[in-house]
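Everything on this sheet refers to the single structure shown next.
The values are calculated or read from the model by the stated rules, or taken from the named source; none is laboratory data. Keep in mind that this is a model prediction, so the values were computed, not measured. When we count neighbours, we look across all protein chains shown, and the Cβ atoms used for this are built from the backbone with ideal geometry, even at glycine. The protein model used for the area step is the full one, side chains on, heavy atoms only, and it has no ligands, DNA or RNA in it. Shrake-Rupley method; radii C 1.70, N 1.55, O 1.52, S 1.80 Å.
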Amino acid sequence: MTRREDREPLSEEDLAEIAALPKVELHLHHEGAAPPAFIRGLAQEKSVNLSGVFRADGSYAYRDFVHFLNVYEAATQVLQTPRDYGRLTTALLEDCAANGVIYCETFLSPDFCGGGDLGAWREYLHAIREAAEAAERDMGVVLRGVVTCVRHFGPDRAKPAARCAAETAGNWIVGFGMGGDENRGELRDFMYAFDMAREAGLKLTTHAGEWRGPSEVRAAVEELRVARIGHGVRAIEDLALVDLLAETGVVLEVCPGSNVTLGVYPDLAAHPIARLRERGVKVTVSTDDPPFFHTNMRREYVSLAQTFGWDADTLRAVTRTAADAAFCNTDTRDRILKQLDTK
Ligand SMILES: [Zn+2]
């Protein structure tokens, strides 16, 4: 391996090639991807007062992670109907396509889409899928959904979310997972919901190892038996666990810009993504909630190249790892892999 100081710096052309690479994104919260201007426009239409949600420059305003969750939930107040979610889907897929994303999965929460009611959830899902099909036709970006429960809403609300997921599982709803505040409750409290989703044939992921340490990542693997982990980066604090992740092939949905913005690491150079990859862990790259964290997929790829010297081939390999770890069916995956080969 080349030591960092021995590497040739990447040229402008190298960085332009990297920015233009086709990309696959696995960790994106549907509401968290809402462009601020879209949310402001909807608030105006509906006369919803969103004071405190935006800074003077129009970006989302929050102080820390818990406050971010509050602002996130406040912004989602304007998303009140299936039609609103259809419009949101179009807006976020425009951003994905503009960043070269050819396939993405978003986290969809029945708690935000119909309050956990199955009938309402089906209507939201219908509107989202219609918008996604139009975006695939018009912009060439493929979307699939991963239903999520919200950890700080507790295990009792995770069950109806899992039921919504199980009842709509198929070629479009392809996974089940959990987001929210990692410091609340224990992963094993959510086992019932995860088992219900697994029995319905859904693939599993959960946020873990962002705010809590390696034991949380181990619990995600051993207790919830997930195929992927949202973040998982603090596994680096326990090398035996890192080796377990490498051996079992559990995939990390790493969101470097999100981690740095929220202060999990002071800067990208201190971020463990490169060390995890060097030790054999399957890492992928995502944006989490891009407008909240002032990022997008192009910026993530370019920053990784500049910080760790990852060249276009390294980032192509990371993208392939993401395509292999996508929860979609084989036909869709083959189509994505073929597109990655030809670009
Ligand atoms: Zn997330």
Original post:
Along the charge dipole of the chain, which of Cys113, Val146, Ile229 sits closest to the positive end, that is, farthest toward it, with unit charges on the beta carbon of Lys, Arg, Asp and Glu (+1, +1, -1, -1)?
Top reply: Cys113
Original post:
How large is the accessible surface per residue of segment 116-191, computed with a 1.4 Å probe and reported in Å² as a whole number?
Top reply: 41
**OP:** Write down the Å³ per residue value for the convex hull defined by the alpha carbon atoms of the chain.
**Re:** 131
Subject >> Test item: Cα-centred dipole of the chain, Lys/Arg +1 and Asp/Glu -1 on Cβ, debye >> reply: 380
Subject >> Accessible-area value, Trp310, 1.4 Å probe, nucleic acids and ligands omitted, Å² >> reply: 20
Original post:
How much solvent-accessible surface does Val71 expose, in Å² to the nearest 10, with a 1.4 Å probe and all protein chains in place?
Top reply: 10
**OP:** Using a Gaussian network model of the chain whose springs link C-alpha atoms within less than 10 Å, name the residue from Thr314, Thr284, Thr168 with the highest mean-square fluctuation.
**Re:** Thr314
**OP:** Write down the percent of antiparallel bridges among all DSSP beta bridges whose residues are both part of the chain, to the nearest 5.
**Re:** 5
**OP:** Have a look at Met297, Met178, Met196 and tell me which one the Gaussian network model of the chain (Cα, springs below 10 Å) gives the largest fluctuation.
**Re:** Met196
Original post:
Can you give me the relative contact order of the chain as a percent, contacts being Cα pairs under 8 Å and 6 or more apart?
Top reply: 20
Original post:
Anyone know which of Ala75, Ala269, Ala132 comes out most mobile in the 10 Å Cα GNM of the chain?
Top reply: Ala269
Original post:
Can you put Lys46, Lys282 in order of accessible area, largest first, using a 1.4 Å probe?
Top reply: Lys282, Lys46
